[in-house]
1. Being out of contact with any helix residue (DSSP H, G or I) (no Cβ under 8 Å at 6 or more places or on another chain) and modelled with pLDDT of 90 or more is the filter here, so list the residues in the stretch 114-123 that pass it.
2. Go through the stretch 168-194 and count every residue that is over 25 Å from Thr51 (Cα atoms) and either crowded, with 16+ Cβ neighbours inside 10 Å or of a type in the set (Phe, Trp, Tyr) (or both).
3. Taking the stretch 123-167 as the search range and keeping residues that are closer than 23 Å to Val66 by Cβ and of a type in the set (S, T, N, Q), which one is surrounded by the fewest Cβ atoms within 10 Å (Cβ to Cβ)?
4. Show the residue pairs meeting these rules: Cβ distance below 8 Å; 6+ apart or different chains; first residue within the stretch 29-56 and more than 18 Å from Val68 (Cα to Cα); second residue assigned to a strand (DSSP E or B) and among the basic types (Lys, Arg).
5. Can you find a residue that is of a type outside the set (S, T, N, Q), assigned to a helix (DSSP H, G or I) and under 14 Å from the mean Cα position of the chain (by Cα) anywhere in the stretch 160-169?
6. From the list Ala173, Ala184, Ala201, Ala197, pick out the single residue that is under 18 Å from the mean Cα position of the chain (by Cα), within 16 Å of Val59 (Cβ to Cβ) and of a type in the set (Gly, Ala, Ser).
7. Looking only at the stretch 92-134, which residues are outside any strand (DSSP E or B), aliphatic (A, V, I, L, M) and closer than 28 Å to Ala203 by Cβ?
Amino acid sequence: MDNFRISSAAVWYFTAALLAWGRDDRTAERQIPAVHVWVIDAVGLDETTLTAALNKARVIFGDAGVRVIWLRCPAEANLAAGSNPCQPDKANNLFLRIVHQPANGFGSRHALGQAFSTETGSQYATVFHDRVSAMAASRKPGTESLVLGHAIAHELGHLMLGTSAHASFGLMAAGWSAAELERAPAGLLEFSSAEAAIIRAEALRRAQQPPKQ
């Protein structure tokens, strides 16, 4: 009987510990700052590629200490306010646009995308699918979502860092070396610790600041 009581107590403590661990884990997740990003896929990517790319970008930001919450938006979200649920005219909104190619007159010949803010304050990270596909084609099969995910993180990184400047190496470099791309599947092409700190601070600022109308 004593052995049974000891076993019951051990089970009770073990169960309590699991419940406490689960609560701590959920509390820790809530304490990680989150940013919401509207996703506009103007290319019509297959769902597997798009989901894998968004997951890769989410992991990259997660390693920097920020949760990214993706909100799907219709491709016609470039229309005027009120015509879609994305409300593109409101300040502090973050948008990811995946488009076929750069607009005519775009200056950089090698950039995979661009990041900019509108006069109303919305911020857009745009990724050029033709350039992502070209880069992926020169790598191993199945790397399109990997390159796309890193390009997404790079352009959103510009917005969260508040600068168009590039780093000398790493995710925020103007271009990635072959060696860096080789390390990318292992999660080694990411934000620097200094960049991550700035991004976390910006995510916290956004979370504490009510959206402007």
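1. Selection gives Phe116 alone.
2. Looking only at that region, the number is 1.
3. The selected residue is Ser164.
4. Between residues of the stretch 29-56 that are more than 18 Å from Val68 (Cα to Cα) and residues that are assigned to a strand (DSSP E or B) and among the basic types (Lys, Arg), the close pairs are Ala42/Arg97.
5. Start the filter on the stretch 160-169 by keeping residues that are of a type outside the set (S, T, N, Q), which leaves 160-162, 165-167, 169.
Those still in the list that are assigned to a helix (DSSP H, G or I) too: 160-161.
Those still in the list that are under 14 Å from the mean Cα position of the chain (by Cα) too: 160-161.
Looking through the stretch 160-169, at least one residue is of a type outside the set (S, T, N, Q), assigned to a helix (DSSP H, G or I) and under 14 Å from the mean Cα position of the chain (by Cα).
6. Numbers: Ala173 fails: within 16 Å of Val59 (Cβ to Cβ); Ala201 fails: within 16 Å of Val59 (Cβ to Cβ); Ala197 fails: within 16 Å of Val59 (Cβ to Cβ).
Going through Ala173, Ala184, Ala201, Ala197 in turn, just one is under 18 Å from the mean Cα position of the chain (by Cα), within 16 Å of Val59 (Cβ to Cβ) and of a type in the set (Gly, Ala, Ser): Ala184.
7. Let us first name the residues in the stretch 92-134 that are outside any strand (DSSP E or B), namely 92-93, 100-112, 118-122, 129-134.
From what's left, aliphatic (A, V, I, L, M): 103, 111-112, 132, 134.
The answer is Ala111, Leu112, Val132.
Residues checked against (1) more than 20 Å from Ser108 (Cβ to Cβ); (2) in contact (Cβ under 8 Å) with a residue 60 or more places away in the chain; (3) in contact with a helix residue (DSSP H, G or I) (Cβ under 7 Å, 6 or more places away or on another chain):
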{"site": "His150", "(1), (2), (3)": "no, yes, yes"}
{"site": "Leu161", "(1), (2), (3)": "no, no, yes"}
{"site": "Trp176", "(1), (2), (3)": "no, no, no"}
{"site": "Ala186", "(1), (2), (3)": "yes, no, no"}
{"site": "Ser192", "(1), (2), (3)": "yes, no, no"}
{"site": "Ala201", "(1), (2), (3)": "yes, no, no"}
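The values are calculated or read from the model by the stated rules, or taken from the named source; none is laboratory data. The structure presented is a predicted model; accordingly, all values stated were derived computationally and were not measured. Neighbour counts run over all protein chains shown; Cβ positions are idealised from the backbone, glycine included.
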